[in-house]
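A quick write-up on the structure given underneath.
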Amino acid sequence: MPILYESIKIDTGYRADMVVENCIIIENKTVDQLAPIHEAQLLTYLKLGKLHIGFLINWNVTLLKYGLKRVVKNLPEPSRRVMAGKELDNGS
């Protein structure tokens with residue numbers, strides 16, 4: 001993820017593990033327990049990428065559902081949301 005400052009693009013930015021459809025960031029970890037620093041890292045990536053949804057996945061758990069954490073940053077609340085370049089109705 002390049003860092004943009006005003007009109008300057010710095011290509012030596014941060015490296016997100018996965019960016020899905022330019023909408024969701026997935027950050028993979030293999031730690032005993034997710035820590036606040038991991039969430040802060042994901043929030044930084046969301047801010048730099050101007051995205052709203054991210055997932056922390058800790059693969060060092062007995063069941064994957066115990067290692068998932070969804071992070072939402074400033075999710076817009078209009079009646080229609082744009083995701084992956086398509087408008088979706090609230091009923092979709």
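The values are calculated or read from the model by the stated rules, or taken from the named source; none is laboratory data. Quantities reported herein were computed from a predicted structural model and do not represent experimental measurements. Counting neighbours? That spans all protein chains shown, and the Cβs are built from the backbone with ideal geometry, glycine included.
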Query raised in the report: Can you tell me which residues in region 36-69 are of a type in the set (A, V, I, L, M, F, W, C), within 19 Å of ARG15 (Cα to Cα) and surrounded by 13 or more Cβ atoms within 10 Å (Cβ to Cβ)?
Result: LEU42, LEU43, LEU46, LEU48, LEU51, ILE53, PHE55, LEU56, ILE57
Requested in this report: Starting from region 38-66, take each residue that is under 16 Å from MET18 (Cβ atoms) and list its partners that are in a helix (DSSP H, G or I) and among the small types (Gly, Ala, Ser), counting only C-beta distances under 9 angstrom and pairs at least six apart or across chains.
Outcome: LEU56/GLY67; ILE57/GLY67; ASN58/GLY67; TRP59/GLY67
Report summary line: Checking MET1, MET18 in turn, the sole residue that is at pLDDT 75 or above, closer than 24 Å to PRO76 by Cα and among the aliphatic types (A, V, I, L, M) turns out to be MET18
